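The values are calculated or read from the model by the stated rules, or taken from the named source; none is laboratory data. None of these values were measured; they are calculated from a predicted model. Cβ: placed from backbone, ideal geometry, glycine included. Neighbour counts: every protein chain shown.
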Amino acid sequence: MPYPLANALYQWEEGARELAAIEDPRRRRLADRVISAIRLELRRRIGPTFTAEELADLYGQGTDWAQQIALDVAPAASDEAQALADAAFWAYLRGAGDFAGGRTLA
């Protein structure tokens, strides 16, 4: 069953906001490393050519794997693992063929 894109966008935007709110430089560097690692795995799982809906469907299948990457890369970020996963999906969304500037293209 397809995962609603609007729900995914809400979660991903929240993750991006939490990422932007990190002021401590050390925590931010760790968060950026986590997001990079998750984005690499997203590329492996969905590829470089995808739609926003396809990314939402992948998200709807679960993010345990993304949270595990967060824990592997930065064990100290365990409390932020889901938010970092969401921020990584938001960042990866920019590459969707039907998404631009925070909205889906018709």
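Conditions tested, residue by residue: (1) more than 17 Å from Tyr10 (Cα to Cα); (2) at pLDDT 95 or above; (3) surrounded by 20 or more Cβ atoms within 10 Å (Cβ to Cβ).
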residue: Ala31; (1), (2), (3): yes, yes, yes
residue: Leu40; (1), (2), (3): yes, yes, no
residue: Arg44; (1), (2), (3): yes, yes, no
residue: Gly62; (1), (2), (3): no, yes, no
residue: Trp65; (1), (2), (3): yes, yes, no
residue: Ile69; (1), (2), (3): yes, yes, yes
Close pairs (8 angstrom Cβ cut-off, 6 or more residues apart or separate chains): touching a residue at least 40 places away in the same chain (Cβ under 8 Å) and in a helix (DSSP H, G or I) in segment 1-12, acidic (Asp, Glu) and surrounded by fewer than 20 Cβ atoms within 10 Å (Cβ to Cβ) anywhere
Leu5/Glu53
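Look through segment 22-51, keep the residues that are β-branched (Val, Ile, Thr) and part of a helix (DSSP H, G or I), and return whichever of them is farthest from Asp64 (Cα to Cα). Walk me through it before giving the result.
Here is the first cut: in segment 22-51, the residues β-branched (Val, Ile, Thr) are 22, 34-35, 38, 46, 49, 51.
Subset that is part of a helix (DSSP H, G or I): 34-35, 38, 46.
On the way: Val34: 14, Ile35: 14, Ile38: 11, Ile46: 16 Å.
Among them, the one singled out is Ile46.
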Could you check, for segment 29-44, whether at least one of its residues is farther than 13 Å from Ala88 by Cα and touching a Gly at 6+ places or on another chain (Cβ under 9 Å)?
no
Before we move on, is Phe89 in a loop (DSSP other than H, G, I, E, B) and at pLDDT 95 or above?
no
Top-ranked residue in segment 81-106 [being of a type outside the set (Gly, Ala, Ser) and more than 12 Å from the chain's Cα centre (by Cα); ranked as surrounded by the most Cβ atoms within 10 Å (Cβ to Cβ)]:
Phe99
For segment 92-106, give me each residue that is aliphatic (A, V, I, L, M) and at pLDDT 70 or above.
Leu93, Ala96, Ala100
Would segment 47-56 turn up any residue that is within 15 Å of Ala88 (Cβ to Cβ), in contact (Cβ under 8 Å) with a residue 60 or more places away in the chain and over 10 Å from the mean Cα position of the chain (by Cα)?
no
